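The values are calculated or read from the model by the stated rules, or taken from the named source; none is laboratory data. Just so we're clear, the structure is a prediction, and the values are computed from it rather than from any experiment. All Cβ positions, glycine included, derive from the backbone under ideal geometry; neighbour counts span all protein chains shown. Surface areas here come from the heavy atoms of the whole protein model, side chains and all, with no ligands, DNA or RNA. Shrake-Rupley method; radii C 1.70, N 1.55, O 1.52, S 1.80 Å.
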Amino acid sequence: MSDLWAALCLVAVLEGLVLFAFPNAWKRMAGQMQAMEGRQLRTAGALLLCAGLVTLYLVRRAG
């Protein structure tokens, strides 16, 4: 369970870093995402989800 909390905290740190370092780029990206259809966002989310799971598996396997 502590690994899950550590992972969630790391996500928050990375999100905060992006917002802190590149606020204007983040605003542009958010605007572009609003213009996208729900299907496109779901597809992008599914691809990111799969990439994250594969990467997590490889990292855990190597360690």
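Just to confirm, what accessible area per residue do you get for the chain at 1.4 Å probe, in whole Å²?
Here the per-residue accessible area is 93 Å².
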Task: Given [x] 1.05; [y] 0.97; [z] 1.38, the label whose value is Cα Rg over 2.2 N^0.38 Å derived from this model - done: [z]
Task: With every protein chain in place, the chain: carbon and sulfur % of accessible area (1.4 Å) - done: 70 percent
Open item on the list: Name the residue from Pro23, Ala44, Leu4 whose Cα lies farthest towards the positive end of the charge dipole of the chain, charges +1 on Cβ of Lys and Arg and -1 on Cβ of Asp and Glu.
Closed with: Ala44
Task: Kyte-Doolittle at least 0.5, axis length at least 30 Å by Cα - qualifying DSSP helices, the chain - done: 38-62
